[in-house]
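Okay, so here's the structure we're looking at.
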Amino acid sequence: MTASPRRSDSAKARAPALPLAVTLGDPAGVGPDITLAAWLQRTERGLPPFVVFGDRDALAARARVLHLDVPLAVVGPVGEAVAAFADALPVLSSDSSKAGRDSAVLDTIVEATAAVATGECLALVTNPIAKHSVQSAGLQQPGHTELLAVLAARHHPGSTFHPVMMLASSELKVVPTTVHMPLSAVPSALTRDLLTQTVRITAAALHDDFGIARPRLAVAGLNPHAGEGGLLGHEEVELIAPVIAELAAAGLDVTGPHSADAMFHVDARHGYDAAIAMYHDQALIPLKTLAFHTGVNVTLGLPFVRTSPDHGTAFAIVGTGKARPDSLLAALEMAAEIGRRRARAQQLARP
């Protein structure tokens, strides 16, 4: 089966030269390791300029531990990062020792998000944090994604946003409908409204951000063999199939519910542009099997672009030189690509 047709960008205006905003993440995690390594590959990979929001001293200390020659340039206005990037890693520095590490981590996320939301930076790329960092800082959100939806609403008063997690690689794009919750809670958390929003937001992002003219979506069932017509569960018959029928009738190219155990082999993947899974591991196991080192976490449904490496803080390998920057490199490249596409679309929409 041939790939979906894609829109041509050849006649579109060039996007403005803006840096990416990169948060350092937990300074005790591998964020500093992979950020330093990514900057060292800037020329080889043709990376766009980026500025780090985080503790300059933490970065410098990690560079010494890793024996990496990375000059750091503390910048004032974010715009200084573009000129500095070729010769030094630009840092908009904070001090994690003053208010505590968790509060400082939160502050950098807030500041970097503001830089993107106000147009100072092209897109947001977040390094890993431990979930307890957000909660220890006094917030109720369970993680990065939910926090960013709250921050987006601050910059767009009166609006609410439904963030959708996509895991993306060259081999597969997959979206979990429910994310960080016990498996036992998934059936009750699945609703028609949640699944409908997830599919619609995914379809819109594939069209607008990934340039796919008519996205094809394959929806997994919840139960083994997609419920076997009700013999192995009723969610497919009562919830998932009706939502798919409604969306297909509305003009979306969506199929399912499919048996999840047969959706992710190479021939099946040729039949869709993204898969919609029902829960976290149903989505992440195939993605990490196919692209463990190069997968990217993309947050859909926000008014700004956000990507991140598809891995955690990896405390056990901090400072050992074993942390690979591949996923961060892919996240930087994807953030720049989507950010430029959005900027071009905005330029073309102006009178």
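With (1) surrounded by 18 or more Cβ atoms within 10 Å (Cβ to Cβ); (2) assigned by TED's automatic domain parsing to the domain that holds Thr177 as the list, and Asp281 as the residue in question, which single condition is left unmet?
(1)
So which pairs qualify, if the first residue must be in region 121-144 and closer than 22 Å to Pro77 by Cα, the second must be modelled with pLDDT under 65 and surrounded by fewer than 24 Cβ atoms within 10 Å (Cβ to Cβ), the Cβ gap must be under 9 Å, and the two must be at least 6 apart or on different chains?
Cβ pairs passing all conditions: Leu122/Ala15; Leu122/Pro16.
Only one of (1) without any contact (Cβ under 8 Å) to a residue 12 or more places away in the chain; (2) in contact with a helix residue (DSSP H, G or I) (Cβ under 9 Å, 6 or more places away or on another chain); (3) not aliphatic (A, V, I, L, M); (4) not in a loop (DSSP other than H, G, I, E, B) is not met by Thr43, so which one is it?
Thr43 satisfies all of (1) without any contact (Cβ under 8 Å) to a residue 12 or more places away in the chain; (2) in contact with a helix residue (DSSP H, G or I) (Cβ under 9 Å, 6 or more places away or on another chain); (3) not aliphatic (A, V, I, L, M); (4) not in a loop (DSSP other than H, G, I, E, B) except (2).
Just give me the residues in region 332-351 being farther than 30 Å from Gln41 by Cα, in a helix (DSSP H, G or I) and charged (D, E, K, R), in sequence order.
Taking region 332-351 first, the residues farther than 30 Å from Gln41 by Cα are 346-351.
Among the residues that remain, those that are also in a helix (DSSP H, G or I) are: 346-349.
Of everything in region 332-351, nothing turns out to be farther than 30 Å from Gln41 by Cα, in a helix (DSSP H, G or I) and charged (D, E, K, R).
Give the residue that is surrounded by the most Cβ atoms within 10 Å (Cβ to Cβ), with candidates limited to residues of region 119-162 that are modelled with pLDDT of 95 or more, of a type outside the set (A, V, I, L, M) and within 13 Å of the chain's Cα centre (by Cα).
Result: Asn127.
Can you find a residue that is buried (at least 23 other Cβ atoms within 10 Å of the Cβ), outside any strand (DSSP E or B), in contact (Cβ under 8 Å) with a residue 60 or more places away in the chain and of a type outside the set (Gly, Ala, Ser) anywhere in region 240-258?
No - not one qualifying residue is present in region 240-258.
What are the residues in region 26-40 that are part of a helix (DSSP H, G or I) and modelled with pLDDT under 95, if any?
Result: no residue meets the conditions.
Among the candidates Glu228, Glu236, Glu246, single out the residue that is more than 30 Å from Glu333 (Cβ to Cβ) and either under 21 Å from the mean Cα position of the chain (by Cα) or modelled with pLDDT under 95 (or both).
On the way: Glu236 fails: either under 21 Å from the mean Cα position of the chain (by Cα) or modelled with pLDDT under 95 (or both); Glu246 fails: either under 21 Å from the mean Cα position of the chain (by Cα) or modelled with pLDDT under 95 (or both).
Step by step, each of Glu228, Glu236, Glu246 is checked, and only Glu228 is more than 30 Å from Glu333 (Cβ to Cβ) and either under 21 Å from the mean Cα position of the chain (by Cα) or modelled with pLDDT under 95 (or both).
The values are calculated or read from the model by the stated rules, or taken from the named source; none is laboratory data. Since the structure is predicted, the reported quantities are computational estimates derived from the model, not experimental observations. Neighbour counts are summed over all protein chains in view; Cβ atoms, including those assigned to glycine, are modelled from backbone coordinates with ideal geometry.
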